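To keep things clear, I will list the structure first and then write my remarks on it.
What follows is calculated from the coordinates using simple rules that are stated; it is not laboratory data. From a predicted model like this one, the values you see are computed outputs, not experimental measurements. All Cβ positions, even for glycine, are placed from backbone atoms using ideal geometry, and neighbour counts span all protein chains on display.
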Amino acid sequence: MMTEDRSPPLRVEEALEIWRAGRRAAVAGHAWSDNPFLTRANMPAATGEALAAWSAKHDAWQEGFEAEDLSETDIAAALRLLGGLLTRLGRRAQ
């Protein structure tokens with residue numbers, strides 16, 4: 001019998017680091033399509049990771065990328081929201 005993985009797809013700390021990387025990429029002038037989780041080498045078929053984990057990483061980078069124009073106050077609020085979302089996702093998976 002196969003057991004379901006009930007762990008959250010991504011730790012909050014990891015999601016925040018990926019989010020920050022997306023923001024840095026936007027500030028540096030990179031394109032949306034430069035999301036590293038869109039490369040074949042980082043997709044679940046190549047890495048073997050669960051789709052939920054890959055999707056959480058992809059989305060964290062994308063959200064950070066889209067936050068380029070936010071003020072530092074807005075960023076602090078976004079980070080709190082992201083942390084809450086990841087916490088809820090972890091609870092829902094249980």
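Which one is surrounded by the fewest Cβ atoms within 10 Å (Cβ to Cβ) among residues in the stretch 69-85 that are assigned to a helix (DSSP H, G or I) and charged (D, E, K, R)? So that I can check it myself, show each step before the final result.
Keep residues of the stretch 69-85 that are assigned to a helix (DSSP H, G or I), which gives 72-85.
Then drop every residue that is not charged (D, E, K, R), which leaves 72, 74, 80.
Numbers: 72: 7, 74: 11, 80: 10.
Filtering the stretch 69-85 for residues that are assigned to a helix (DSSP H, G or I) and charged (D, E, K, R), the one surrounded by the fewest Cβ atoms within 10 Å (Cβ to Cβ) comes out as 72.
Give the residue that is surrounded by the fewest Cβ atoms within 10 Å (Cβ to Cβ), with candidates limited to residues of the stretch 21-68 that are polar (S, T, N, Q) and in a helix (DSSP H, G or I). Before the answer, list the steps.
Of the stretch 21-68, the ones polar (S, T, N, Q) are 33, 35, 39, 42, 47, 55, 62.
The next check asks that each one be in a helix (DSSP H, G or I); those that pass are 33, 42, 47, 55, 62.
On the way: 33: 6, 42: 15, 47: 13, 55: 15, 62: 18.
Across the stretch 21-68, the extreme among qualifying residues is 33.
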